[in-house]
Ligand SMILES: [Zn+2]
Ligand SMILES: [Zn+2]
């Protein structure tokens, strides 16, 4: 979605050389003569090269070695699970074998779909016309590390930062409700793609556990004999170590994000919270994460109010603007 670039006259007639806080990236292209600025700004709304290429930009995120590695890994795990472990243990011609292959293929498809959604979804950027509510006294409460500071500025974007937004050095912009920048999806994990990211980890964890069980069942079958098949034995050992390591890594990551979801916390806020709690303790006070609204409410804020849509990575109609967030203080 293109953000509207038609700002107020105070923006388009700026001749001081400094960028106003509400200026968008589109407007930074233009400076100098005031009338020209206005004309170009109008044209920019329809022909902005940045917006024109935005849809192709999101697909360019796939052109990355880590993202391609993830696809290769997924393909490899799928191949060994279906065509090696399942075939070897049950045989793909048997009903049990084909049923297992079908279930795993469905799981792999869900994984692939979630990964695709994660990569192409914009995590959320600060609107060009964003101005914080100066009268909102809760702003300071939403920033544990800057208690008493009512406004947050991004030095690099020259804009105000909404609560929970952070600047990503890789994406070179501020991201709404930023969790972290993920190398493996070549994208930031933020307000709009956090759910799909968690669902991706969930499906990937289930998939790798499924594959590990299939491998173990294959190896531990009674009449399995590797004598005279040393290369095959080494292949199974390598696959086994890889699948166990993958399951443990993904399982730990999933557990971590379940913990964060139940507390309505981002990874960045978790580390900020440790420091805030330490500072509060030193002054004899206690610290509570301001966005923690209770476990069930926290879960619905991320996954949605409808339980039937919890596992759908694109069911995000419950999300609002990513700029304002309810705090525990609101419900008092
Ligand atoms: Zn920024
Ligand atoms: Zn980023």
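The values are calculated or read from the model by the stated rules, or taken from the named source; none is laboratory data. Because the structure is predicted, anything quoted here is derived from the model rather than measured. Every residue, glycine as well, gets a Cβ built from its backbone with ideal geometry; the counts of neighbours run over all protein chains shown.
Taking region 76-98 as the range and being over 25 Å from the mean Cα position of the chain (by Cα) and either part of a loop (DSSP other than H, G, I, E, B) or within 16 Å of residue 208 (Cβ to Cβ) (or both) as the test, the residues that pass are 79, 80, 81, 82, 84, 85, 86, 90, 91, 92, 93, 94. If you go through region 148-163 and keep only what is more than 13 Å from ligand 1 (Cβ to nearest atom) and either modelled with pLDDT of 95 or more or surrounded by fewer than 19 Cβ atoms within 10 Å (Cβ to Cβ) (or both), you end up with 148, 149, 150, 151. Could you say whether any residue in region 99-121 is outside any loop (DSSP other than H, G, I, E, B), under 30 Å from residue 160 (Cα atoms) and in contact with a strand residue (DSSP E or B) (Cβ under 7 Å, 6 or more places away or on another chain)? Yes, there is a match, as at least one residue in region 99-121 is outside any loop (DSSP other than H, G, I, E, B), under 30 Å from residue 160 (Cα atoms) and in contact with a strand residue (DSSP E or B) (Cβ under 7 Å, 6 or more places away or on another chain).
Is it the case, given these coordinates, that residue 145 is within 16 Å of ligand 1 (Cβ to nearest atom) and either at pLDDT 90 or above or in a helix (DSSP H, G or I) (or both)? Break it down into steps so the answer makes sense when it comes.
Working: within 16 Å of ligand 1 (Cβ to nearest atom): no; either at pLDDT 90 or above or in a helix (DSSP H, G or I) (or both): yes.
It is false that residue 145 is within 16 Å of ligand 1 (Cβ to nearest atom) and either at pLDDT 90 or above or in a helix (DSSP H, G or I) (or both).
When you check residue 73 against the structure, is it part of a helix (DSSP H, G or I) and either at pLDDT below 90 or surrounded by 13 or more Cβ atoms within 10 Å (Cβ to Cβ) (or both), yes or no?
Numbers: part of a helix (DSSP H, G or I): yes; either at pLDDT below 90 or surrounded by 13 or more Cβ atoms within 10 Å (Cβ to Cβ) (or both): yes.
For residue 73, the condition - part of a helix (DSSP H, G or I) and either at pLDDT below 90 or surrounded by 13 or more Cβ atoms within 10 Å (Cβ to Cβ) (or both) - is met.
Note on region 315-326: residues that are surrounded by fewer than 14 Cβ atoms within 10 Å (Cβ to Cβ) and in contact with a helix residue (DSSP H, G or I) (Cβ under 9 Å, 6 or more places away or on another chain) amount to 1.
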